[in-house]
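We did not get these values from a lab; they are worked out from the coordinates using the rules stated. Treat the numbers as computed from the prediction; the structure is a model and nothing was measured. Backbone-built Cβ (ideal geometry, glycine too); neighbour counts: all protein chains shown.
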Amino acid sequence: MSLPTNAGDLRVTLVQPDTVWREPAVNRERIAASLRCAAPTDLIVLPETFTTGFSHEAAVTAESMSGESVAWMREFARASDAAVVGSVQIRDGGDVFNRLIFATPDGALRHYDKRHLFRMAREQDWFASGQARLVVEFRDWRICPLVCYDLRFPVFARNRTEASGDGSLDYDLLLFVANWPAARHDAWRTLLRARAMENLCYVVGVNRTGRDANGHLYRGGSLATDAVGGSVVECDETPQVARTVLSGTWLAEHRRRFPAHLDADAFALEPLA
């Protein structure tokens, strides 16, 4: 899959809420209200488990792909003429997944199931792990969306050239939707910039803020960084909506000047046990 070298600008909106614990309807309405007067955009990014917070107990009441939250994302994408991205706890067959939904204005849905489950909070006891990475082509950009703890695993996130056959990279933009606690806030900022620099891409990370019902504090810090680790936009710890524009022209030129990916090591990923 070769990437377009003449992609235009991509307008991105980062939504950083104080998520209400296990109240999907309230959280959907708050997000919609925060964007009612928003400027036109191409991509709206919401946090991990944006309808419930990072609640394992909410897995018991997980929605289906035909449930209200996925329907809301699809309709919000249509009404906004933008892709809407965020993760929801989804029951699919006999398993529950921390599932990232990528909804586009034409009504299409793509999804990625979180591969790396956060064992320090026993996420693996409640959720099934995904396997395959997702790359979505949208408005001449290739976008790879991942979820929270995935940020710590650079091999899985690696921007590779093998699939293209011509040395082109897999994606232009790496997304992370997260509920990343304040206790590890410095790691959040450092790892987002590292993923951008090593993968010659833009990175957008969207986190929540506030304190959840388990007492965990979140400091927000949602940001977009360019391929040299420079801040394009960065949020503080308050609930907010931030907007930025990513330049395809700048990215293509940076890759032309600094094609480090051509010296990268080839490898194969094994399925998780």
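Counting only the Cα atoms, segment 184-247 fills a convex hull of 74 Å³ per residue. Segment 164-211 and segment 227-265 have their alpha-carbon centroids 10 Å apart.
Which of the trypsin sites (Lys or Arg not before Pro) across segment 6-96 are loop residues per DSSP, with 12 or fewer other Cβ within 10 Å?
Numbers: sites: Arg11, Arg22, Arg28, Arg30, Arg36, Arg74, Arg78, Arg91; in loops: Arg22, Arg36.
Sparse-neighbourhood loop trypsin sites (Lys or Arg not before Pro): Arg36.
Starting from 0.36 nm per residue, how many nanometres of slack lie between Ala38 and Gln131 once their C-alpha separation is accounted for?
Working: separation 93, 0.36 × 93 = 33.48 nm, distance 3.53 nm.
Extra length from Ala38 to Gln131 when fully extended: 30.0 nm.
The reciprocal of the average 1/r between distinct C-alpha atoms defines the Kirkwood hydrodynamic radius, which for segment 1-156 equals 16.1 Å.
Within segment 251-273, which residues have the backbone N less than 14 Å from the label spot 7 Å out from Glu162 along Cα→beta-carbon, could you tell me? Those under the cut-off are 264-271.
Can you tally the net charge around Arg142? Count Lys and Arg as +1, Asp and Glu as -1, for every other residue whose Cβ sits under 10 Å from the Cβ of Arg142.
On the way: positive: none; negative: Glu137, Asp140, Asp170, Asp172.
Its environment carries a net charge of -4.
Solvent-free Debye calculation, one equal scatterer per alpha-carbon of segment 10-262: log10 I(q)/I(0) at 0.09, 0.16 Å⁻¹ equals -0.35, -1.18. Count Lys and Arg as plus one, Asp and Glu as minus one, and take only other residues whose Cβ is under 12 Å from that of Val96; the net charge is then -4.
Report the gain in length on full extension from Arg122 to Ser231: 0.36 nm times residue separation, minus Cα-Cα distance, nm rounded to one decimal. Before the final figure, lay out each step's value.
Numbers: separation 109, 0.36 × 109 = 39.24 nm, distance 3.30 nm.
Going from the current span to full extension adds 35.9 nm.
With R₀ fixed at 35 Å, the C-beta to C-beta distance from Met65 to Leu269 puts the FRET efficiency at about 0.85. Restricting segment 179-273 to chymotrypsin sites (Phe, Trp or Tyr not before Pro) that sit in a DSSP loop and have at most 14 other Cβ atoms within 10 Å of their own Cβ leaves Phe267. When both segment 102-117 and segment 19-85 are represented by their alpha-carbon centers, they are found 12 Å apart.
Ranking Gly210, Leu262, Asn199 by how far each Cα lies toward the positive end of the dipole of the chain (charges on Cβ) leaves Gly210 at the top. Charging the Cβ of each Asp and Glu at -1 and of each Lys and Arg at +1, and nothing else, the dipole of segment 1-61 about its Cα centre rounds to 140 debye.
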